[in-house]
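Comments concern the structure below.
The values are calculated or read from the model by the stated rules, or taken from the named source; none is laboratory data. As the structure is a computational prediction, the values presented were derived from the model and not from experiment. So basically every Cβ, Gly included, is an ideal-geometry build from the backbone, and we count neighbours across all protein chains shown.
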Amino acid sequence: MDTLGGTGCRVYLITPPTFDPLPFADRLAAALDAGDVAAVQLRLKDVPDDVWQRSIDALRPVAQSRDVAFLLNDRADLVRKTGCDGVHVGQEDVPARQARALIGPDLTLGVTCKASRDLAMQAGEDGADYVAFGAFFPSTTKEVTRTADPEILRWWSELMELPCCAIGGITAENCGPLVRAGADFLAVVGAIWNHPDGPAGGVRAMNAAITAAAAG
């Protein structure tokens, strides 16, 4: 079941590459209090389970107390035991069907599909609640070898009821074409955490840009 409610295009917040969980919880709270956010994805790479646990303990209550879905990147095995709302898996992570089996039928499963229509169709068959396309722009958090065309968002949103998420280098300045193409979610990292007015300013800027693009 999809726990990412709401209508229109919404902000999907991903944690920065490195952070100290306890002080970062305050930054996350400031971001979530500044405007609409559909979900927070905890993304940690190459860290031991105790770091995952500390990060989940610090951040999950911040998100869930504000009715924001709290998702883990890749670690489907930790979702149920830590009380999280779901998992997001890439093509090199746990296979989507296996992730669905681990989290059960009632939690959220997202799947990265890069710029592939075939991977997106397969993800839907494998039980995904949303598919993620990208990267649409160069990103500071991941090496981008080939950017996606916004047309894939238009194709998907016109054909499928399953929500789609755009990812990769998205900012308030460049998100307009993605919103107009039909993205349900915009996954953002640097646009929020590196914003000159802090995370709250980043969330306000993204939501303002989404509203402007949708109106245009």
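For region 76-99, the set of residues classified as in contact with a strand residue (DSSP E or B) (Cβ under 7 Å, 6 or more places away or on another chain) and either modelled with pLDDT under 95 or surrounded by fewer than 22 Cβ atoms within 10 Å (Cβ to Cβ) (or both) consists of 78, 85, 90, 91, listed by residue number. Would you mind stating whether residue 56 is closer than 15 Å to residue 43 by Cα, crowded, with 22+ Cβ neighbours inside 10 Å and in contact with a Cys (Cβ under 7 Å, 6 or more places away or on another chain)? So residue 56 fits the description; yes. Residues that are assigned to a helix (DSSP H, G or I), out of contact with any Gly (no Cβ under 6 Å at 6 or more places or on another chain) and either within 27 Å of residue 197 (Cα to Cα) or in contact (Cβ under 8 Å) with a residue 24 or more places away in the chain (or both) do occur in region 88-99, at least one of them. When region 181-208 is filtered for residues that are surrounded by 22 or more Cβ atoms within 10 Å (Cβ to Cβ) and in contact with a Cys (Cβ under 9 Å, 6 or more places away or on another chain), the ones remaining, listed by number, are 183, 184, 185, 186, 187, 188, 191, 206.
Against the numbered list (1) surrounded by fewer than 19 Cβ atoms within 10 Å (Cβ to Cβ); (2) aliphatic (A, V, I, L, M); (3) in contact (Cβ under 8 Å) with a residue 40 or more places away in the chain, residue 13 comes up short only at (1). Select from region 1-28 the residues that are aliphatic (A, V, I, L, M) and farther than 26 Å from residue 163 by Cα and list them in ascending order. Answer for region 1-28, where residues must be aliphatic (A, V, I, L, M) and farther than 26 Å from residue 163 by Cα: 22, 25. Sort out which residues of region 32-50 are under 29 Å from residue 100 (Cβ atoms) and in contact (Cβ under 8 Å) with a residue 12 or more places away in the chain, and write them in order of number. The answer is 32, 36, 37, 38, 39, 40, 41, 42, 43, 44, 45, 49.
Look at region 118-141 and say how many of its residues are at pLDDT below 95 and buried (at least 16 other Cβ atoms within 10 Å of the Cβ). Show your work before the answer.
Within region 118-141, the first condition is being at pLDDT below 95, and the residues that meet it are 138-141.
Those left that are additionally buried (at least 16 other Cβ atoms within 10 Å of the Cβ): 139, 141.
Looking only at that region, the number is 2.
Please go through region 125-155 and give me each residue that is in a helix (DSSP H, G or I) and touching a Lys or Arg at 6+ places or on another chain (Cβ under 8 Å), ordered by number. Hits for region 125-155 are 152, 155.
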